[in-house]
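Note sheet for the following structure.
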């Protein structure tokens, strides 16, 4: 009876090791939810309704999203008249708020970091079947330091770039993997 117990333990251990090895495999979801009849996408200039005063925000966001789709290569970016699908968007808001506060001094708390948060409403449409695939809001952020030793304009612009990079990645994932 001892031999059967040892075999069972060995068998369970072997199965466990196999399952652990299999769970370590990575899977790609690229193209997982793109309907097979959709091969091209149009990305018109996103409308900026944020009131942020960032003069080139819509161009920067649209260009980064377009670049991400080109790099991903799941859908070919094309002209609206020749595309199977379209993603249209509106930049709803851009907020700039304190993110990290340091200890209190005589005057109060000091802001050491700020957070830029961008929110975009995106509509992804199937132009072949004439239906909306999704209508969703996406929001993401970028932080920047606040102190005398940094060029505030440069670090703020970098935080906006980070927020744009993150939000366009979220939109791409929403389209190609229905995330």
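Each value in this text was obtained by applying a stated rule to the coordinates, not by laboratory testing. Keep in mind that what you see is a predicted model, and the values were worked out from it rather than measured. Quick reminder, even Gly has a Cβ in these numbers, built from the backbone with ideal geometry, and neighbours come from all protein chains shown.
What the table shows:
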read-out	value
Protection-proxy order for peptides 45-55, 163-173, each taking the mean of Cβ atoms within 10 Å per residue, highest first	163-173, 45-55
Length added when fully stretched, residue 128-residue 39, from 0.36 nm per residue minus Cα-Cα	31.0 nm
Length-normalised contact order of segment 37-177 in % [C-alpha pairs under 8 Å, at least 6 apart]	23
Protection proxy ranking, peptides 33-42, 110-119, average beta carbon neighbours within 10 Å, highest first	110-119, 33-42
Over 17 Å [Cα-Cα, segment 37-177], rounded percent	62
